[in-house]
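> So that we are looking at the same thing, I have put the structure below in structure tokens.
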Amino acid sequence: MADDERVTGADAADTADTEDAENAADTDAIDGELATNEGERFDRLPATSAERTVAGRVSRKEVLEYYDERFGIPPETFADYTFWEKGAGKIWVYAGEAPSPTAVESLGMLCLRTRQEHWKPTTDFVQRFGQHATECVIDLDPDAAARFVAGEDQELDWDGDWGYLIAAHEMAGEREPLGIGLYVYDELRSLIPKGRRRDL
Amino acid sequence: MEPFERYRPIIDDFEAFLAACERSLGSAVRVNTIKATPERAMATLDVESVGYEQADWDPRVLRLETDSPGSTWASFHGFTHGQEEVSVIPPLVLDPEPGERVWDACAAPGSKATQLAALIDDRGTVVANDNNLGRLSALRFNAERLGATSLAVTNDDARNYSLQPFDFDEFDRALVDVPCSCEGTIRKNPDALDEWSMGHVRSIAGIQTGILRRAVQATRTGGTVVYSTCTFAPEENEAVVDRVLAREDCEVVPFDLALEHDPGLTEWDEETYDPSLAEAARIYPHQNDTGGFFVAKLEVTG
Ligand SMILES: C[S@@+](CC[C@H](N)C(=O)[O-])C[C@H]1O[C@@H](n2cnc3c(N)ncnc32)[C@H](O)[C@@H]1O
């Protein structure tokens, strides 16, 4: 389902859905003074970690820095958006109005998973904002793009950083992001969620 | 087609209507302008050799020459969304503007809610509500695939909806695309009439009235409410609007519609409705080779 990006291989343990329930009860020792995260409501991210009131919650600044440093997405891209957490480490990007906290089913789109060693953007986020990225974008030829979208892992050359990459291809004369992949050991793993995979 | 016999007196060229209902419907998609212009969506379909025809009444509606509009690059990228041509109409009639607060009272699976988000340039707040949690997960899937970031999703009965999760207490506009007897979807679901009964029509009309009343109450004075169904039954269309006109502060207002259509009824089955219901639109399958639909536009007056 939409926020249930099931993945394969080594990454699966990072993102299994059961993890949310466990983390929700988890209080980081260092953050012992802070409240624990509540999973059934949306809380707006604090502007900076100095303003943080909930254990382990990332700040807006950290999210913008992550997208900027990893993918070269300029922070201004998100000037009109707010970021929210629901469930431990599930970050949502939202353009509308809402008070914090608020109890709704969703606000905008799930964009990032934090509270795991390597933060992981979602495929839907990458398709929506990935055209602003200048780094960690792997351009796939038509055949590789089709395999990626079908959910296949493939051996590919890449001389940049390992880890999560935006996979893209050229479509009708423009670079178009496909989704999120994990590059390790000369292999690009497709992390396109099952419900989004297609044979094209 | 038995339940349709009662419409013989109100439909011009009734035989053409019946014949159209027998024909299956092609695949239409709406271009999702959050992610692509119609030109870019069409260029993508060209690259993958999927034929299409652009609707003459709206450049964002494409009739595809494929039976699986969900298995294209255009769909994978979220440039297009499978949506029946007539289903595109209600959000256009509601005509929301960027920055506004819009309520979609019965939103799942989200075709019109995501269209509303696109119409406000994904800037503002579209509250997409549905009382069916299972259908909401389809809505969320569609919203994320289409990149709609202005959508807030809630799971409540629209008849006694509370704006408590938000810090505003009324909407600028509301779309009321209610559950209905679905007669107008016969070309897509040939068994749409299997469960048809007058009792069902009457009981669902009660729910529709409750939802429309709440939408009028939750919309600011001067705001707009659009009521729509995919059915022909006057008991679910003009009769519902007529009842709400009598009980809430609102009036029916005219709107432009480029597709061929009939005016709303002002009398049916020995009942008469407010004359303003002639400003509503009835769309029959034989008129534009589409599904069937009913749309009324209301302005909130108090
Ligand atoms: C015609 S469908 C809506 C289609 C949707 N607007 C779209 O364009 O994708 C009607 C919806 O109303 C929902 N519904 C039925 N009764 C309801 C109620 N009392 N409150 C809120 N939603 C309701 C159903 O679950 C169903 O999803």
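> What is the antiparallel percent of DSSP beta bridges lying wholly in the protein assembly as shown, to the nearest 5?
Details: 57 of 79 bridges.
Counting DSSP beta bridges with both partners in the protein assembly as shown, the antiparallel share is about 70 percent.
> Taking the Cα centre of the stretch B:63-164 as the origin and placing charges on Cβ (Lys, Arg +1; Asp, Glu -1), which of B:T154, B:A143, B:T66 is farthest toward the positive end of the dipole?
My answer, from the dipole projection, is B:T154.
> If you project the alpha carbons of the protein assembly as shown onto their three principal axes, what span does each projection cover, largest first, in Å?
Sorted largest first, the three principal extents are 74, 53, 36 Å.
> When a/c is below 1.5 the answer is rounded, else prolate if a/b is larger than b/c, else oblate, so apply that to the stretch B:94-199 with a ≥ b ≥ c taken from the square roots of the Cα gyration tensor eigenvalues.
Numbers: a/c = 2.02, a/b = 1.64, b/c = 1.23.
Since a/c reaches 1.5 and a/b is larger than b/c, the shape of the stretch B:94-199 is classed as prolate.
> Please name whichever of B:M1, A:I138, A:A55 sits farthest to the positive end of the charge dipole of the protein assembly as shown, dipole taken about the Cα centre and charges placed at Cβ: Lys and Arg +1, Asp and Glu -1.
The listed residue farthest towards the positive side: A:A55.
> When Lys and Arg each count +1 and Asp and Glu each count -1, what net charge do the other residues less than 13 Å away from A:P75, Cβ to Cβ, add up to? Spell out each step's value before the answer.
Values: positive: A:R60, A:K61, A:R70; negative: A:E62, A:E65, A:D68, A:E69, A:E76, A:D80.
With Lys, Arg at +1 and Asp, Glu at -1, the net is -3.
> With the Cα gyration tensor of the stretch A:54-196 giving a ≥ b ≥ c as the square roots of its eigenvalues, does the rule (a/c under 1.5 for rounded; else a/b larger than b/c for prolate; else oblate) give rounded, prolate or oblate?
Values: a/c = 1.86, a/b = 1.76, b/c = 1.05.
In terms of gyration-tensor shape, prolate.
> Also: Return the distance in nm (one decimal) between the two label points of a simple spin-label model at A:A103 and B:M1, each offset 7 Å from Cα along Cα→Cβ.
That separation, rounded to one decimal, is 5.2 nm.
> Would you mind giving the total buried accessible surface between chains B and A, with a 1.4 Å probe and ligands, DNA and RNA left out, rounded to the nearest 100 Å²?
Working: alone 13040 and 10460 Å², together 20050 Å².
Accessible area lost upon association: around 3500 Å².
> Can I ask one more? Count charges around B:L62 for me, please; just the other residues with Cβ under 9 Å from its Cβ, Lys/Arg as +1, Asp/Glu as -1. Numbers along the way, then the final one.
Numbers: positive: B:R30, B:R60, B:R63; negative: B:E53.
Around B:L62, the surrounding residues sum to +2.
> For B:C250, which sequence-distant residues (separation of 5 or more, or a different chain) have an amide H within less than 5 Å of its own amide H, given hydrogens modelled in the peptide plane?
B:T301
> Any chance you could check the stretch B:44-58 for residues losing 10 Å² or more of accessible area when the partner protein chains are in, compared with the chain on its own (1.4 Å probe)?
Residues of the stretch B:44-58 that lose at least 10 Å² of accessible area once the other chains are added: B:T44, B:V47.
> Given charges of +1 on the Cβ of Lys and Arg and -1 on the Cβ of Asp and Glu, with all other atoms neutral, how large is the dipole of the protein assembly as shown about its Cα centre, in debye to the nearest 20? Walk me through the numbers before you get to the answer.
Numbers: 47 positive and 97 negative charges, 121 e Å.
Computed about the Cα centre, the dipole is about 580 debye.
> Filter A:K61/A:K194; A:K61/A:K120; B:K112/B:K188; A:K86/B:K188 down to the pairs with a C-alpha to C-alpha distance above 28 Å, please.
Numbers: A:K61/A:K194 31 Å; A:K61/A:K120 16 Å; B:K112/B:K188 18 Å; A:K86/B:K188 38 Å.
From the list (A:K61/A:K194; A:K61/A:K120; B:K112/B:K188; A:K86/B:K188), the Cα-Cα distance tops 28 Å for A:K61/A:K194; A:K86/B:K188.
> Whole percent per 5 Å bin, from 0 to the bin with the longest distance: what is P(r) over all C-alpha pairs of the stretch A:38-123?
Whole-percent P(r) values from 0 Å outward: 3, 15, 28, 29, 19, 6, 1.
> Over the stretch B:22-85, what portion of Cα pair distances is larger than 17 Å, expressed as a whole percent?
Counting pairs separated by more than 17 Å, the tail of P(r) holds 27 percent.
> When only the heavy atoms of the protein chains count and the probe is 1.4 Å, how do A:M171, B:M198 rank by accessible area, highest first?
On the way: A:M171 10, B:M198 55 Å².
Result of the area sort, largest leading: B:M198, A:M171.
> Once you charge only the Cβ atoms, +1 for Lys and Arg and -1 for Asp and Glu, what is the size of the charge dipole of chain B about its Cα centre, to the nearest 20 debye?
Using only the charged Cβ atoms, the result is roughly 1060 debye.
> While we're here: Counting only other residues whose beta carbon sits under 13 Å from that of B:V93, what net charge do I get with K and R as +1, D and E as -1? Could the numbers behind the result be given before it?
Values: positive: B:K112, B:R173, B:K297; negative: B:D58, B:D95, B:D177, B:D256, B:E279, B:E299.
Net local charge, B:V93 excluded: -3.
> Another question about this same structure. Take the Cα radius of gyration of chain B and divide it by 2.2 N^0.38 Å, with N its residue count; two decimals is plenty.
Details: Rg = 18.5 Å, N = 302, 2.2 N^0.38 = 19.3 Å.
After normalising by residue count via 2.2 N^0.38 Å, the value is 0.96.
> So which GluC sites (Glu not before Pro) in the stretch B:232-281 pass both tests, a DSSP loop state and at most 11 other Cβ atoms within 10 Å of the Cβ? Mind dumping the intermediate values first?
On the way: sites: B:E235, B:E236, B:E238, B:E248, B:E251, B:E260, B:E267, B:E270, B:E271, B:E279; in loops: B:E248, B:E260, B:E270.
Hits after loop and neighbour filter: B:E270.
> Once the whole set of protein chains is in place, how much accessible area is left on A:H132, using a 1.4 Å probe, in Å² to the nearest 10?
Counting only protein heavy atoms, the figure is 70 Å².
The values are calculated or read from the model by the stated rules, or taken from the named source; none is laboratory data. Since the model is a prediction, treat every value here as computed from it, not as a measurement. No Cβ is skipped: glycine too gets one built from the backbone with ideal geometry, and neighbour counts run over all protein chains shown. Calculation scope for accessible area: heavy atoms of the full protein, side chains included, ligands and nucleic acids excluded. Shrake-Rupley method; radii C 1.70, N 1.55, O 1.52, S 1.80 Å.
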